[in-house]
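Asker: This is the structure, below, for whatever I ask next.
The values are calculated or read from the model by the stated rules, or taken from the named source; none is laboratory data. Because the structure is a prediction, the values reported are computed rather than measured. Note that we place each Cβ from the backbone using ideal geometry, even for glycine, and neighbour counts take in every protein chain shown. Quick note on the areas: whole protein, heavy atoms, side chains included, nothing else; ligands and nucleic acids left out. Shrake-Rupley method; radii C 1.70, N 1.55, O 1.52, S 1.80 Å.
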Protein chains: 2
Amino acid sequence: MNKDQHTSEGKEVDWTGFLPGIAIDCVMVGYNEKQLKVLILEYKETGFFALPGGFIRRNENLDVAAQRVLQKRTGLEGIQLNQFHTFGSLNRYAPEPMRKIMKKNGLQPAEDHFLLQRFVSTAYYALVNFEQAEPIADFLSDSCRWYDINQLPKLLWDHRDIIQKALESLRKNIDDAAVGLTLLDEEYTMRELRTLYETILDKEINRSSFHRKMVNSGRLERVGKKSTGKAHRSPYLYKFVSN
Amino acid sequence: MNKDQHTSEGKEVDWTGFLPGIAIDCVMVGYNEKQLKVLILEYKETGFFALPGGFIRRNENLDVAAQRVLQKRTGLEGIQLNQFHTFGSLNRYAPEPMRKIMKKNGLQPAEDHFLLQRFVSTAYYALVNFEQAEPIADFLSDSCRWYDINQLPKLLWDHRDIIQKALESLRKNIDDAAVGLTLLDEEYTMRELRTLYETILDKEINRSSFHRKMVNSGRLERVGKKSTGKAHRSPYLYKFVSN
DNA sequence: TACTATTGTTGCATAGTGTAACAATAATAA
DNA sequence: TTATTATTGTTACACTATGCAACAATAGTA
């Protein structure tokens, strides 16, 4: 058999249980203090950073595998995952960092170890509530943390490109994605929702147009007013309609 | 080594030269006589039909592999390929048809033969000129033919779903895809272009709105008139502007 | 020369959106 | 109590895009 000792997970990993050659990478997007965040793993003692990812079990759907990866890293279930691209460039095959990571974890991988192969990677993005998620490192990493999308550390392989493409995809789907539903608190002001849009799209949005569009979309419901404590009219609170 | 005899291609196939577990499927879309066409392979003596596909060489980019598949089946180079989804459902793993296909080709595949594994498949669609393409079967097939997208034979695995998703993707991108550029002759009337759009979108399009939109897009150029021989005003001919 | 069918074009209604202005209002200052 | 201030809610206007309908142009036919 082809097993590694991974005491940090308390069990051995049987790499033969996964499909070879194909991996999954997840861009988990959060939002806090007017900034977009992405979950990033830091590998032990190497200064290497990368997206959370995983592999597909031999009797597991691709989409289910992605759900599993997300659940492992955030503790959340039932999050909508969006497959946006599959990355298969040759220049993403660079086993040296992974070999170093494994050595730092006390492993002595053979040259043809599962993790040192070339992988094609199908990438998903997911909108994750910053408050509810609990970043959890995997057995090769010592941290899984939120990073500001504009202040990412240098990432391994093509993971910077993957995040960029995820962001483009999110921007394209922003109106369908119900971004406010996941990224904001249950109730929010129009200003907060607009700021979220502006942050994602990285451009200013006209105030009254946005207001009209959101109200007319029929997906928002007024649920009260918010006291800002400031010297001006207090804004309404909205939430997504539940149909 | 792990080689099969394939005299129809005049050489052996060394399956170890490909990445395992991941395949490519191509939806090549053509247009003829007001109907959308798709290139479909028929496997020898089995009555099995499937999309043209292939695998990724160990030192080959994913996108390049897709180009190679397309080139092999159509003889065309430089066609734009659009990756639209990666299919990884478990229910697409059904090796029995492939085993039968191989046996009909005089092969006696081992249980764990490369082609009998589970594959995740990254799918591309491409717009292909019906006149210029020369459908070419591969070594396991005895034909590669255009089929009307509304009269497809029963396809193996999930290939019907793949075509459906390709069509949805094409519809979403129809305005960017410059469909007329590839699917029509170099010069065409507004009526022909509109009929193409209507065929792809499967709905009627308002005549004058379409006319306006296309003219205002700045991507069309009037290049003359066409004699229809009919008793009415003759339409202008257009072509895509070359910038 | 009138007729017919189709194309090219234009006017009108409606919807979406950018811009600016006005109205409402909650706290603060006078 | 009243004026001030800042921000939100709303509305008017302009411009664009698009569906719809009507009119004009025209190439062949009767």
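Asker: Could you tell me whether any residue of segment A:189-196 is within 14 Å of DNA strand C (Cβ to nearest atom), over 19 Å from residue A:33 (Cα atoms) and either over 30 Å from the mean Cα position of the chain (by Cα) or more than 14 Å from chain B (Cβ to nearest Cβ) (or both)?
Answerer: no
Asker: Do any helices (runs of 4 or more DSSP H) lying entirely in segment A:142-236 carry at least 1 residues that are open to solvent by 80 Å² or more (accessible area, probe 1.4 Å) and of a type in the set (D, E, K, R), and which ones are they?
Answerer: Because the criterion is at least 1 residues that are open to solvent by 80 Å² or more (accessible area, probe 1.4 Å) and of a type in the set (D, E, K, R), the helices (runs of 4 or more DSSP H) in segment A:142-236 that meet it are A:159-172, A:190-201, A:207-217.
Asker: Out of A:212, A:222, which single residue is in contact with a strand residue (DSSP E or B) (Cβ under 8 Å, 6 or more places away or on another chain), over 29 Å from residue A:38 (Cα atoms) and either away from chain B (no Cβ under 14 Å) or within 11 Å of DNA strand D (Cβ to nearest atom) (or both)?
Answerer: A:222
Asker: Then there's this: Could you say whether any residue in segment B:109-120 is assigned to a helix (DSSP H, G or I), within 14 Å of chain A (Cβ to nearest Cβ), surrounded by 15 or more Cβ atoms within 10 Å (Cβ to Cβ) and out of contact with any Ser or Thr (no Cβ under 9 Å at 6 or more places or on another chain)?
Answerer: yes
Asker: Can you say whether residue B:46 is closer than 23 Å to residue B:13 by Cα, at pLDDT 95 or above and under 11 Å from the mean Cα position of the chain (by Cα), as far as the supplied structure shows?
Answerer: When the stated conditions are applied, residue B:46 does not pass them.
Asker: Just to be sure I understand, how many residues within segment A:131-140 are closer than 30 Å to residue A:177 by Cβ and surrounded by fewer than 17 Cβ atoms within 10 Å (Cβ to Cβ)?
Answerer: Here the count works out to 4.
Asker: Determine if segment A:146-166 includes at least one residue that is more than 20 Å from the chain's Cα centre (by Cα), farther than 25 Å from residue A:33 by Cβ, touching a residue at least 40 places away in the same chain (Cβ under 8 Å) and within 14 Å of chain B (Cβ to nearest Cβ).
Answerer: Within segment A:146-166, none of the residues are more than 20 Å from the chain's Cα centre (by Cα), farther than 25 Å from residue A:33 by Cβ, touching a residue at least 40 places away in the same chain (Cβ under 8 Å) and within 14 Å of chain B (Cβ to nearest Cβ).
Asker: If you take the residues in segment B:34-73 that are within 14 Å of chain A (Cβ to nearest Cβ) and assigned to a loop (DSSP other than H, G, I, E, B), which one is surrounded by the most Cβ atoms within 10 Å (Cβ to Cβ)?
Answerer: So the residue we want is B:60.
Asker: Another one. Take the residues in segment A:74-90 that are touching a residue at least 40 places away in the same chain (Cβ under 8 Å) and at the interface with another protein chain (Cβ under 10 Å from one of its Cβ atoms), then tell me which one is nearest to residue A:120 (Cα to Cα).
Answerer: A:87
Asker: Something else: For residues that are in a helix (DSSP H, G or I) and within 10 Å of chain B (Cβ to nearest Cβ), scanning just segment A:91-108, find the one that is nearest to the chain's Cα centre (by Cα).
Answerer: A:92
Asker: Test residue A:174 against the stated conditions and say whether it is within 23 Å of the chain's Cα centre (by Cα), within 23 Å of residue B:84 (Cβ to Cβ) and either within 14 Å of chain B (Cβ to nearest Cβ) or away from DNA strand C (no atom under 16 Å from the Cβ) (or both).
Answerer: Criteria not met by residue A:174.
Asker: Quick check on segment B:197-209: of everything there that is within 13 Å of DNA strand D (Cβ to nearest atom) and within 19 Å of residue B:30 (Cβ to Cβ), which residue is nearest to the other protein chains (Cβ to nearest Cβ)?
Answerer: Among those that are within 13 Å of DNA strand D (Cβ to nearest atom) and within 19 Å of residue B:30 (Cβ to Cβ), it is B:201.
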